[in-house]
Each structure stands twice: as structure tokens, then as C-alpha cells.
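Asker: Please read through the structure below; I'll follow up with questions.
The values are calculated or read from the model by the stated rules, or taken from the named source; none is laboratory data. Computed from a predicted structure; not experimentally measured. Please note: Cβ atoms are built from the backbone with ideal geometry, for glycine as well, and neighbour counts cover all protein chains shown. Keep in mind that these areas ignore ligands, DNA and RNA; they rest on the heavy atoms of the full protein, side chains included. Shrake-Rupley method; radii C 1.70, N 1.55, O 1.52, S 1.80 Å.
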Amino acid sequence: MAEVPLSWYLILSALLFATGVVGVLIKRNPIVIFMCVELMLNAVNLSLVAFGRYLGDAGGQMLSIFVMAVAAAEVAVGLGILIAIFRLRDNINVDETNTMRG
């Protein structure tokens, strides 16, 4: 079975990251923005694991697990902020939310 070259992983990672960046820039729903940020983080994880496998080092895999833990914490804090904003304004549109004060 032929081995997939490193460049294919990096191209896929770049495409996923670009898709996430475009989603963050054009969407106004914060939930969708969170999903796009997660897509960017997963693209980074893919490249870390690919480099780790290519170099024969487990450091990339360990760093990707750390990135997943940070992403989970980011989502927990972000969803808490969104719930607080929704309770105050009954709207979570990014364009209309420009201050954290009630």
C-alpha cells in the first residue's frame, strides 16, 4: 500500500484552514464562527500530526492533544459568554454586539 506524501496532508490542512478563515470573516452567527475556529484548529492539528509522523517524533501528536484541550476550553468559555449576551439582549448577532456592558 502506497504511503500518502506529506504534501497532501499539508495541502488538505491549508484548505481546511482557509475555509475556516473565510467562515470567520463572512459569517455573523457566533456559533458558526466558533465552528470555523474549530475547523482552523483541526487544520493545525492535522499538520502537526502529519509532521510528527513524517519526522518520526511523537511531539506533534502531543501538541495536537494540547490544542484540542485548549479548543474545548475555548468553546466552554465562548458559549458561556454567548449565553450571557443572549440573556441580556435576546440577540447574539455579532454586528449588534459591540460592548460587554449591559
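Asker: Just want to confirm a number: the relative contact order over the range 10-90, from Cα pairs under 8 angstrom separated by 6+ residues, in percent. Present the calculation step by step, with values, prior to reporting the outcome.
Answerer: Numbers: 60 pairs, mean separation 20.3, N = 81.
Relative contact order here is 25 percent.
Asker: Still on this structure: Enter the accessible area per residue of the chain (Å², integer; probe 1.4 Å; all protein chains in place).
Answerer: Accessible area per residue: 71 Å².
Asker: Looking at the range 1-76, which trypsin sites (Lys or Arg not before Pro) are in a loop (DSSP not H, G, I, E or B) and have at most 16 other Cβ atoms within 10 Å? Provide the component values of the computation, followed by the final result.
Answerer: On the way: sites: LYS27, ARG28, ARG53; in loops: LYS27, ARG28.
Sites meeting the loop and neighbour criteria: LYS27, ARG28.
Asker: Work out the length of the dipole vector of the chain about its Cα centre, built from +1 on the beta-carbon of each Lys and Arg and -1 on the beta-carbon of each Asp and Glu, and round it to the nearest 20 debye.
Answerer: Charge dipole of the chain: 260 debye, to the nearest 20.
Asker: For the Cα atoms of the chain, what angle does the longest principal axis make with the long axis of helix 59-89, in degrees from 0 to 90, nearest 10?
Answerer: Between helix and principal axis, roughly 10 degrees.
Asker: Using a/c under 1.5 as the rounded threshold, could you call the range 10-90 rounded, prolate or oblate? The axes a ≥ b ≥ c are square roots of the C-alpha gyration tensor eigenvalues, and prolate needs a/b larger than b/c, oblate otherwise.
Answerer: Working: a/c = 7.01, a/b = 1.86, b/c = 3.77.
The shape class here is oblate.
Asker: Next question, about the same structure. Placing +1 on the Cβ of each Lys and Arg and -1 on the Cβ of each Asp and Glu in the chain, which of ASN45, ILE31, VAL70 has its Cα farthest towards the positive end of the resulting dipole?
Answerer: Checked the options; the winner is ILE31.
Asker: Per the helix-only calculation at 222 nm, which mean residue ellipticity applies to the chain, given -39500 (n - 2.57) for every DSSP H run of n ≥ 4 and division by its residues, nearest 500 deg cm²/dmol?
Answerer: -27000 deg cm²/dmol
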